[in-house]
């Protein structure tokens with residue numbers, strides 16, 4: 001599915017492995033020890049399902065999405081927890097999930113079909129809008145987590161993760177092809193996040209400023225010139241622009257598909273982990289210490305920290321235009337009117 005032209009150019013001479021990956025902060029360093037720990041070889045028939053818990057909505061959650069053409073929100077996180085809401089985020093139900101591994105990302109290409117990824121190079125799939133899930137890929141010997149997933153449609157998608165891992169499928173997850181060593185990434189920098197703009201352009205960001213662009217939904221990848229030497233943890237794209245962000249509040253914006261980048265000032269130093277581009281076209285970013293950054297026509301972009309300063313890993317806009325964030329302490333509803341007023345002050 002993927003071929004990569006071009007010669008390799010190293011971003012930095014020194015390789016470092018940060019203690020956290022996408023949306024994981026030093027506050028949760030204890031969890032990072034799980035990333036590369038061998039799991040006991042249980043028999044295939046001894047599937048461990050995520051424990052159903054009344055506290056699941058208050059546990060560490062790492063990603064959230066709104067299923068297309070639906071009101072359903074789906075969030076994933078620690079201990080194999082997957083929760084869904086059909087009332088815009090007011091009430092949540094826990095799905096039946098055949099793993100207790102940490103889940104790091106979720107993506108729904110349609111209202112009924114979705115995919116989630118996590119530790120042990122695990123990929124889950126649902127065909128009933130997230131009520132139940134089954135494993136379509138797992139590689140415990142890889143000893144590296146998958147950190148994000150993106151699908152062009154219900155059957156064709158890409159999963160990315162630590163040490164340059166990149167897997168692709170053309171048949172809805174029945175089979176996966178490993179392209180880890182096909183990309184222009186000989187140092188094996190971590191792939192932290194992937195996103196598409198709906199018009200064939202796909203962007204991949206990672207450790208040490210790693211940045212790739214594909215103009216054909218991931219068939220071919222070109223490595224872009226470095227715009228930042230620190231790790232990039234997230235990317236959002238629409239038809240007009242692409243936004244990447246990461247360590248120390250660094251944000252960069254491109255309106256020409258990654259050929260040129262504009263640094264964006266937010267006056268925040270907190271690492272940013274998640275974002276969404278709202279229906280009105282404005283981007284919202286979240287991160288460490290309850291950081292919230294809102295796109296503005298002027299600089300610096302509007303920014304604040306929530307009073308409880310809890311880590312926010314990701315956010316999504318529900319069908320009513322309200323913002324729902326997830327992270328430390330589980331699910332958080334962000335009052336957009338109070339948020340706008342606070343950001344203006």
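Among 174, 125, which comes first, then next, by fewest other beta-carbon atoms within 10 Å? Could you put the intermediate results ahead of the total?
Values: 174 11, 125 18.
By the 10 Å Cβ count, ascending: 174, 125.
Give the value in nm², to one decimal: projected area of the alpha carbon convex hull of the stretch 84-145, averaged over all directions. Don't skip to the end; give the middle numbers.
Numbers: hull surface 17.2 nm².
Dividing the Cα hull surface by four gives the mean projection, 4.3 nm².
Between residue 226 and residue 269, 0.36 nm times their residue separation minus their Cα-Cα distance comes to what?
Values: separation 43, 0.36 × 43 = 15.48 nm, distance 2.05 nm.
Contour length minus Cα-Cα distance gives 13.4 nm.
Figure the gain on full extension for residue 132 and residue 279 (residue separation times 0.36 nm, minus the Cα-Cα span) and round it to one decimal in nm. Provide the component values of the computation, followed by the final result.
On the way: separation 147, 0.36 × 147 = 52.92 nm, distance 2.87 nm.
Stretched fully, the residue 132-residue 279 segment lengthens by 50.0 nm.
By counting other Cβ atoms within 10 Å of each Cβ, how are 241, 72 ranked from fewest to most? Provide the component values of the computation, followed by the final result.
Numbers: 241 19, 72 23.
So the ranking, lowest neighbour count to highest, is 241, 72.
Report the per residue volume, in Å³, of the convex hull enclosing the C-alpha atoms of the stretch 59-344.
Cα-based convex hull of the stretch 59-344, divided per residue, equals 114 Å³.
Simple spin-label model, 7 Å along Cα-to-Cβ: residue 184 to residue 238 in nm?
Result: 3.0 nm between the two label points.
Per 0.36 nm of contour for each residue apart, how much would the distance between residue 110 and residue 52 grow if the chain were fully extended, relative to their Cα-Cα spacing? Spell out each step's value before the answer.
On the way: separation 58, 0.36 × 58 = 20.88 nm, distance 2.60 nm.
Between residue 110 and residue 52, full extension yields 18.3 nm more.
For a footprinting-style exposure proxy, rank 55, 102 by other Cβ within 10 Å, fewest first.
On the way: 55 8, 102 23.
Lowest to highest Cβ neighbour count: 55, 102.
In nm, to one decimal, how far is the modelled label at residue 140 from the one at residue 320, with both set 7 Å along Cα→Cβ?
Those two pseudo-labels are separated by 4.4 nm.
Starting from the eigenvalues of the Cα gyration tensor, five times each then square-rooted, give me the equivalent ellipsoid semi-axes of the stretch 248-310, largest first, whole Å.
On the way: eigenvalues 84, 32, 22 Å².
The three semi-axes for the stretch 248-310 are 21, 13, 11 Å.
Just grab the label-to-label distance for residue 175 and residue 297, each label 7 Å out from Cα along the Cβ direction, in nm (one decimal).
So the label points at residue 175 and residue 297 sit 5.3 nm apart.
Just so you know, all these numbers are worked out from the coordinates, no wet-lab data involved. Owing to the predicted nature of the structure, the values given are computational and were not obtained by experimental measurement. Neighbour counts run over all protein chains shown; Cβ positions are idealised from the backbone, glycine included.
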